[in-house]
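Below is one structure, written out as structure tokens; the observations come after it.
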Protein chains: 2
Amino acid sequence: MTAPLRIGILGLGTVGASVFQALHLHGTAIAKRSGRTMRVTAVSARDRKRDRGIDVSGVEWFDNPVALASSDHVDCVVELIGGADGTAKEAVEAALSSGKHVITANKALLAKHGSALVALAERHQVALNFEAAVAGGIPIVKTLRESLAGNQVTRVSGILNGTCNYILSRMELEGLTFDACLADAQRLGYAEADPTFDVGGFDTAHKLSILASLAFGTAIDADAVYVEGIASITPLDLVMADELGYRIKLLGVAERTATGIEQRVHPTMVPKGWAIAQVMGVTNAVNVAADPVGELTLVGPGAGGNATASSVLSDCVDIARGIVLPPLGMAASALAVLDRAPMQRHEGGYYIRLAARDRPGAAAGIATRMAEQSISLESIVQKRPPASRAADPTGKSGEPVPVVLITYATTEEAIRKALDAMIADGHIAEPPQLIRIERG
Amino acid sequence: MTAPLRIGILGLGTVGASVFQALHLHGTAIAKRSGRTMRVTAVSARDRKRDRGIDVSGVEWFDNPVALASSDHVDCVVELIGGADGTAKEAVEAALSSGKHVITANKALLAKHGSALVALAERHQVALNFEAAVAGGIPIVKTLRESLAGNQVTRVSGILNGTCNYILSRMELEGLTFDACLADAQRLGYAEADPTFDVGGFDTAHKLSILASLAFGTAIDADAVYVEGIASITPLDLVMADELGYRIKLLGVAERTATGIEQRVHPTMVPKGWAIAQVMGVTNAVNVAADPVGELTLVGPGAGGNATASSVLSDCVDIARGIVLPPLGMAASALAVLDRAPMQRHEGGYYIRLAARDRPGAAAGIATRMAEQSISLESIVQKRPPASRAADPTGKSGEPVPVVLITYATTEEAIRKALDAMIADGHIAEPPQLIRIERG
């Protein structure tokens, strides 16, 4: 056995403490597998006094993470600070520049500065491992970088944000509103005080941009991701989805199409029979379609100290075993620029819910606008809510009526044009709801 | 770039042809990822003239696989011959002994001779990769050996045989008998002319013994696997399972228990909500429970040329990248002897279907025998089939009545004793059906 791998941990929150504890409790078992002892020799966190349930005596303490990252007493730096810029970036750069391996769970950092950091790691011939940055405990990074290295990936899609999936699952199962479920998620610690980053789809977009790079051999391009969040989803949408055989999930989808590579994050109707539709609560799932393998689906815990620690440990073991691969699966210089498919050219089915004004000609007007754009309809459901029916049995009040249309495959552009025309016609009382359908 | 990795393929069936074709069509893309060109330089198969849809001109042909395995013109041998002994074993031994890397899809070979072959590979410091040997295109070998190397695995379970899952899925969905579905599976090429190896559970047992070794750091011990096949499952069992909220799957389960490591293969009732229950047809799935990650589930194609080729290619890329790990995740000398848990000590819930004689005292007698073994019942369902009810509305014929019992957790020993006593009492007209319940 060679000398122990000396690990420095930046950030001692739940993930950092869990990694520390696992190496402490199971170090011998892990060393049997990795062929090399690993030892946490340095840590850095904000508050030295806080009780984290771990014994850091005998471990070098750094108040300054960047100083730890540059220390000669460490071979491998685990960055768990977070944030796309600032200390995390400085520390990772310092570690790589001084020839240390880096493990990070920081998707925001990679989404924004991934290409530069990857090149820096390669220049210093060190590892930059980030299994924990995407889908928590699910080993999707290694699966794309290694297990599918002989495949041509055509699509990666997944539930990559546990907060959103928790909210949508509860909305569906209990018929609650988005706001009520978000408040619960915040109370339970599944959502931040400012939830925008999660429910707005931005966290999913960061993760997706990393997966797309691994899948397609392209430089990370998070700016090219089309992003919609879940705040507009209503209980009625979930009921309609159920009736039509779908569930609504916030999916990240990266796909090779005739017009380039699409990267998009939006609420999505997925057929109930699809493996991803079964994934409820804070669990994550990733589906990969590739040739020759066909389809693989990986399901597991997407967040939390333990799940994330598992991925960090996997990255540690790789380094202890001497495995140093190009972080994005091929040399940084070999990564192509992402050929961005314009969202307007996206093709697929659509769920459209309209609040149609209840007056003569509205239905005909709506149908005509769809026909003008050559959009074929698979289903049309017009449903007055029971309460409205009871209040106005003859339907003379003119109160808007929800109309749901499911289209066959068409383009985003055609849908947008049809909706704009309907709005201009005055047939619609509220902004239309539009949810893309993914048929798997 | 270093010199190309020279690959020799033994066996040009659908998998071999698919590997050959993928390297031919996508060699450049794969080389970008692996950092080294791979070239098939030698092949061996039975019939040189057969049209396989691939162009083997310019590739060295060997009539004798063992001669290829010893050739100086090859760096890496892909063994796709199959069989636990004979040519496959000879060729793999010859390749390893002459310092060549070996990739094999041969679970029977590994189940029987894995420990010896692994030691041989280590002695010659070459890779012995076998991602394709378990669960086809699902990267479960790398997941256990690498991604979960920092975890303590407590249980691995899965649907590891597509033939059995296809048969059970069709029986369930269409209400057909085992024999009818088996005949269909044979017609469609999903089952062999002699199906014993698949439907008897032996193929699953081979794969499970490999997974258990990777999961628990123990030497492969296929003889220690308890095996039951699916031939005894009836349409009535599937109907009852459905009513009680379960599906029936042939599972392989390897689990660390208080009495040692259980390895068992048998038809299993799994709750419908469990991810594995959703897996239908020839698809495979593996679930791993481990600390700290929690639970991971991987779903994908379990067989077929393309899926298996994907795993072979992954193994090739690892070798081209210079990754040579201990095949079972730790040095052969560090593998423990498997501490075999006796099946009699297995604890879990049971589904028991009895053909109870329709006579006074039968129900009481059955209940007494269960109580004597301290077995608590979660459900009791007594159901005369509609046809029998119609023929004999008063129930005076004495025709046996199906009684289904679902027990709370108990031991295999207690169940066996209770059933033996009931049989001795003469309350039961046919051998009882017993299906273990896995609650996930």
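The values are calculated or read from the model by the stated rules, or taken from the named source; none is laboratory data. Bear in mind that the values here come from a model prediction, so they are computed numbers and not experimental data. So basically every Cβ, Gly included, is an ideal-geometry build from the backbone, and we count neighbours across all protein chains shown.
Annotations
- Those residues of the range A:313-348 which are farther than 30 Å from A:Thr411 by Cβ and more than 8 Å from chain B (Cβ to nearest Cβ), in sequence order: A:Asp315, A:Ile319, A:Ala320, A:Gly322, A:Val324, A:Pro327, A:Leu328, A:Ala332, A:Ser333
- A:Gly16 vs. criteria in the same structural domain as A:Ile103 (by TED's automatic domain parsing) and in a loop (DSSP other than H, G, I, E, B): no
- Residue-level analysis places B:Arg36 among those that are under 22 Å from B:Gly99 (Cβ atoms) and part of a loop (DSSP other than H, G, I, E, B).
- Every test in (1) modelled with pLDDT of 95 or more; (2) of a type outside the set (Lys, Arg); (3) in a helix (DSSP H, G or I) is passed by A:His26 save one, and that test is (1).
- Of all residues making up the range A:149-183, the number that are more than 14 Å from every other protein chain (Cβ to nearest Cβ), over 15 Å from the mean Cα position of the chain (by Cα) and among the hydrophobic types (A, V, I, L, M, F, W, C): 7
- The residue that is farthest from the other protein chains (Cβ to nearest Cβ), counting only those in the range A:92-148 that are over 16 Å from A:Val19 (Cβ atoms), outside any loop (DSSP other than H, G, I, E, B) and among the polar types (S, T, N, Q), is A:Ser97.
- Complete set of residues in the range B:278-317 that are free of Cβ contacts under 8 Å to residues at least 60 places away in the same chain and crowded, with 23+ Cβ neighbours inside 10 Å: B:Thr297
- Whichever residue in the range A:259-292 is in a strand (DSSP E or B) and polar (S, T, N, Q) and, among such residues, is farthest from A:Ala341 (Cα to Cα): A:Thr283
Listed here are the residues, each with its yes/no results for (1) at pLDDT 95 or above; (2) surrounded by fewer than 19 Cβ atoms within 10 Å (Cβ to Cβ); (3) assigned by TED's automatic domain parsing to the domain that holds A:Val227.
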{"position": "A:Ala391", "(1), (2), (3)": "no, yes, no"}
{"position": "A:Gly395", "(1), (2), (3)": "no, yes, no"}
{"position": "A:Gly398", "(1), (2), (3)": "no, yes, no"}
{"position": "A:Tyr408", "(1), (2), (3)": "yes, yes, no"}
{"position": "A:Glu412", "(1), (2), (3)": "yes, no, no"}
{"position": "A:Gln433", "(1), (2), (3)": "yes, no, no"}
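- Residue in the range A:67-77 that is touching a Gly at 6+ places or on another chain (Cβ under 8 Å), within 14 Å of chain B (Cβ to nearest Cβ) and either at pLDDT below 95 or farther than 18 Å from B:Leu148 by Cα (or both) present: yes
- Scanning the range A:298-309 for residues that are in contact with a Ser or Thr (Cβ under 8 Å, 6 or more places away or on another chain) and within 7 Å of chain B (Cβ to nearest Cβ) turns up A:Leu298, A:Val299, A:Gly300, A:Pro301, A:Asn306, A:Ala309.
- The set of residues from the range A:10-35 being closer than 18 Å to A:Ile319 by Cβ, more than 27 Å from the chain's Cα centre (by Cα) and facing another protein chain (nearest Cβ under 9 Å) comprises A:Leu23, A:His26, A:Ala29, A:Ile30, A:Lys32, A:Arg33, A:Ser34, A:Gly35.
- Lone unmet requirement of (1) in a loop (DSSP other than H, G, I, E, B); (2) within 31 Å of the chain's Cα centre (by Cα); (3) of a type outside the set (Asp, Glu) for B:Val78: (1)
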